[in-house]
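The values are calculated or read from the model by the stated rules, or taken from the named source; none is laboratory data. Since the structure is predicted, the reported quantities are computational estimates derived from the model, not experimental observations. All Cβ positions, glycine included, derive from the backbone under ideal geometry; neighbour counts span all protein chains shown.
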Amino acid sequence: MSFIEVKNIRKSYDGHLALKDLSFSVEKGAIYGLLGPNGAGKTTFIRILNRIIVYDSGQIFFDGEPLQQKHINRIGYLPEERGLYRKMKVAEQIIYFAQLKGLTYGEAFRRTKKFMKKFDMVTWWNKKLEELSKGMQQKVQFLITIIHEPDLLIFDEPFSGFDPINQEMLKSEILELHRHGKTILFSTHMMASVEEICDSILLINNGEKILEGDIHEVKQQHKQNLYRIIYSSPDAQFVENEKFIVKGKDSGQYLVQVSEKEDTNTLLQYAMRFGEIVHFEEVLPTLNEIFIQAVQNSNLKTVEQ
Amino acid sequence: MNKWWLVLKREYLFRVKKKSFIVMTLLLPLLFASFIILPAYLMERSMKKNYKVAVIDQSGKLKFDSTEEVSFIQVRATGIDELKSQIDKEKKPYDAVLQVPSDPEHEAAVLYLLSDKDVKISDVVRDIYQQAMEGYRYKQINIQPEVLEQIKEPAKLTVLKWTEKGVTKSSVGVRIALATIGALLVYFFMFMYGGLAMRSVMEEKVNRVVELIVSSVRPLELMFGKLLAILFVALTQFVVWIVLIVFILKSVNIAGQNSDIMVKLNMVLEMVKHVNLGLWIFTFVFFFLTGYLLYGSWFAAIGSAVDVETDAQQFVFPLTLPIIFAIIFLQAVIFNPDGQMAFWLSIIPFTSPIIMPVRISFGIGEAVMWWEYLLSLVLMILTVWASLWATAKVFRMGILFYGKRPTYKDLWKWIRQG
């Protein structure tokens with residue numbers, strides 16, 4: 001069942017279309033990656049989902065209902081531009097934002113205590129935010145995002161600005177939220193960061209969808225039939241022919257592209273003639289490569305039009 | 001609980017707990033006290049001191065009356081040098097020595113001060129010497145001082161106001177005072193707290209917390225919450241000021257029953273009775289609130305549109321022009337409260353919050369016609385309503401607008417699209 005369903009969303013600023021009839025859906029409990037270069041329309045879409053800005057036309061469904069103001073209490077949002085009240089005390093601040101998301105004071109207080117214990121932040125309770133280090137401030141910001149235990153979490157460029165330790169913490173927390181059945185929406189232009197945790201992705205460029213689907217399927221669709229072969233001896237010489245083309249080599253290592261009609265076993269049999277094989281694997285494109293390729297293609301298309 | 005209420009509560013508590021707020025709130029009444037009370041108090045204290053003045057009267061004709069302030073001690077000496085040798089310098093029995101010449105009509109008397117500390121002593125002695133000389137002259141030409149006092153008795157004149165309703169005591173003075181106080185308070189309030197609303201919005205925009213807030217609260221709720229919070233901050237400050245000032249005045253009253261300030265204050269209170277105070281207070285409160293909402297909402301909208309303080313100036317300046325204009329013409333309106341200038345300035349909503357309280361001080365049905373008054377009220381309400389509507393739109397678009405300096409065209413576009 002889809003948790004978020006987006007139908008033909010259109011949004012324009014100053015006569016320029018930021019989103020052009022965008023449609024997609026996010027399954028309940030999925031970790032969904034919203035990918036695209038800077039200026040693709042990711043933040044615009046996220047702001048629409050948070051009801052910060054209004055869209056011109058189209059429909060959005062949240063858990064089966066048309067998106068309304070009441071739903072925002074079920075959304076946790078970590079904006080790309082982080083920021084909190086510098087002069088406010090940490091606990092006071094967390095309680096305030098939790099109340100803004102619809103919690104009563106008592107409940108907000110109880111959860112703040114619970115979460116601050118969990119993240120080893122109890123000693124910061126009465127500290128002003130500006131007295132904390134940058135990393136600590138980001139932990140506070142993360143806590144504010146999840147304090148009201150929302151069903152949908154939106155992370156806009158979550159890994160930018162986090163140090164490696166906090167990035168790891170963030171990742172494991174996100175996976176824990178995932179285990180609890182929360183739906184998670186990532187928005188980023190850093191593909192490597194989402195490759196390992198996303199189930200599905202949507203790639204947008206210039207406000208248009210250019211790619212969508214399960215991450216493994218997408219990779220399969222974009223594979224170039226490349227295989228890596230490693231021989232035990234660095235002197236092994238692979239001789240290419242019209243079926244098997246060498247795309248790269250490095251002392252006993254070969255990257256071979258197989259023409260579409262052939263299968264893997266034929267390549268393996270052929271390759272065995274040139275030495276002892278110690279390693280053989282299919283090389284799938286990284287999300288980054290797919291991304292760059294797709295964006296270039298879509299830009300070309302735009303130019304042609 | 002409503003979210004705008006949470007915004008209001010946070011903003012209010014944050015502002016009220018700020019050191020600068022506490023200092024300002026306490027300091028102003030103290031400054032007031034030190035400017036008004038302290039000099040009077042010090043004066044009174046120094047008066048209490050009894051000066052001792054030695055008199056060497058070579059004419060032998062003058063009579064010096066000792067008062068509470070000064071005791072005159074006649075000494076026998078031919079001159080200052082002889083006196084010097086007589087007195088013990090360590091003990092200093094006198095504060096000053098007055099030497100009167102044998103012919104005081106033609107020669108000047110000399111006052112020797114034995115220290116520089118008491119500035120007042122020369123004034124006091126001058127007055128008494130003048131009296132002594134006058135007494136001497138009356139005697140010369142045979143006039144009884146009591147006769148002169150009778151002649152100088154003030155002539156009696158009562159000033160009354162004569163209207164169709166009858167004859168009442170005139171209260172022009174207190175009306176001018178009310179007019180000025182009302183206008184200046186509204187002016188001060190709109191400027192200072194409007195500016196505060198602007199900075200408050202800007203702070204949240206600059207430290208980027210605003211995106212998180214508007215993902216939980218509608219921009220309109222955020223703006224109202226803030227405007228109301230700052231209104232309450234202002235009211236808190238006013239109440240503390242009034243309480244402290246009244247307290248200070250009271251304690252002065254206890255200290256010196258017949259203090260000058262209290263006499264004047266009682267006079268003012270007596271005169272205020274002749275003004276329609278209920279209507280004046282209603283008018284003042286009405287324009288105080290609507291004026292704040294009008295300017296506060298525009299200030300908040302400006303705060304939302306810019307992200308650097310200097311960029312705000314270009315918008316703030318035109319906004320403050322009507323206020324400055326009204327203040328410049330304040331004097332003219334006070335002296336001619338039913339003139340053309342007064343009429344227009346009290347009708348136009350951007351200047352009416354300052355000018356209408358002035359005109360109403362001079363009486364409804366006299367300086368202001370009822371229809372003018374009601375027209376002004378209705379126009380103000382409509383303008384505030386329209387402003388809140390427009391500024392909410394600017395606010396909504398502005399808070400997420402970063403980097404570029406917005407132009408008037410942008411603001412207009414936001415109002416149309418928002």
ask   = Quick one: would you say residue A:85 is within 30 Å of residue A:124 (Cα to Cα) and either at the interface with chain B (Cβ under 9 Å from one of its Cβ atoms) or surrounded by 22 or more Cβ atoms within 10 Å (Cβ to Cβ) (or both)?
value = yes
message = Please verify whether residue A:196 is more than 14 Å from every other protein chain (Cβ to nearest Cβ), loosely packed, with under 15 Cβ neighbours inside 10 Å and not aromatic (Phe, Trp, Tyr), treating the condition exactly as stated.
response = yes
task = Just give me the residues in region B:1-24 being over 18 Å from residue A:95 (Cβ atoms), assigned to a helix (DSSP H, G or I) and charged (D, E, K, R), in sequence order.
result = B:15, B:19
key: Candidates B:67, B:78 - the one that is in a loop (DSSP other than H, G, I, E, B), of a type in the set (Ser, Thr, Tyr) and either loosely packed, with under 12 Cβ neighbours inside 10 Å or at pLDDT 80 or above (or both)   = B:78
key: Elements of type strands (runs of 3 or more DSSP E) contained in region A:1-72, each with 1 or more residues being over 16 Å from residue A:185 (Cα atoms) and within 21 Å of the chain's Cα centre (by Cα)   = A:2-13, A:16-27
Sole exception among (1) of a type outside the set (Ser, Thr, Tyr); (2) closer than 28 Å to residue A:70 by Cβ; (3) touching a residue at least 24 places away in the same chain (Cβ under 8 Å) for residue A:179, by number = (3)
ask   = Any residue at all in region B:379-398 that is crowded, with 16+ Cβ neighbours inside 10 Å and part of a loop (DSSP other than H, G, I, E, B)?
value = no
request  = Specify which of the listed residues (A:239, A:246, A:258, A:218) is touching a helix residue (DSSP H, G or I) at 6+ places or on another chain (Cβ under 7 Å) and without any contact (Cβ under 8 Å) to a residue 40 or more places away in the chain.
outcome  = A:258
ask   = Out of region B:123-161, which residues are small (Gly, Ala, Ser) and within 23 Å of residue B:100 (Cβ to Cβ)?
value = B:132, B:135
query = Which pairs have Cβ atoms under 8 Å, sit 6 or more apart or on different chains, and link a residue in region A:46-71 that is farther than 13 Å from residue B:211 by Cα and within 14 Å of another protein chain (Cβ to nearest Cβ) to one that is outside any strand (DSSP E or B) and β-branched (Val, Ile, Thr)?
reply = A:54/A:48; A:55/A:48
key: Tally, over region A:100-116, of residues that are surrounded by fewer than 16 Cβ atoms within 10 Å (Cβ to Cβ), within 14 Å of chain B (Cβ to nearest Cβ) and not acidic (Asp, Glu)   = 3
key: Filter result for residue B:404 (of a type in the set (Lys, Arg) and loosely packed, with under 13 Cβ neighbours inside 10 Å)   = yes
request  = Among what's in region A:31-77 and is of a type in the set (Phe, Trp, Tyr) and more than 20 Å from residue A:205 (Cα to Cα), pick the residue that is surrounded by the fewest Cβ atoms within 10 Å (Cβ to Cβ).
outcome  = A:61
message = Quick check on region B:214-245: of everything there that is under 19 Å from residue B:401 (Cβ atoms) and either free of Cβ contacts under 8 Å to residues at least 40 places away in the same chain or out of contact with any helix residue (DSSP H, G or I) (no Cβ under 6 Å at 6 or more places or on another chain) (or both), which residue is farthest from the other protein chains (Cβ to nearest Cβ)?
response = B:218
key: Flag for residue B:366 being at pLDDT below 90 and surrounded by fewer than 20 Cβ atoms within 10 Å (Cβ to Cβ)   = yes
key: Answer residue from region A:132-151, given it is out of contact with any Asp or Glu (no Cβ under 9 Å at 6 or more places or on another chain) and of a type in the set (S, T, N, Q) and is surrounded by the most Cβ atoms within 10 Å (Cβ to Cβ) among those   = A:145
note = When restricted to A:203, A:211, the only residue closer than 24 Å to residue A:289 by Cα and in contact with an Asp or Glu (Cβ under 9 Å, 6 or more places away or on another chain) is A:203
The lone exception for residue A:193 - which of (1) modelled with pLDDT of 90 or more; (2) under 17 Å from the mean Cα position of the chain (by Cα) it fails = (1)
ask   = Just to be sure, is residue A:255 in contact with a strand residue (DSSP E or B) (Cβ under 7 Å, 6 or more places away or on another chain), surrounded by 15 or more Cβ atoms within 10 Å (Cβ to Cβ) and modelled with pLDDT of 85 or more?
value = yes
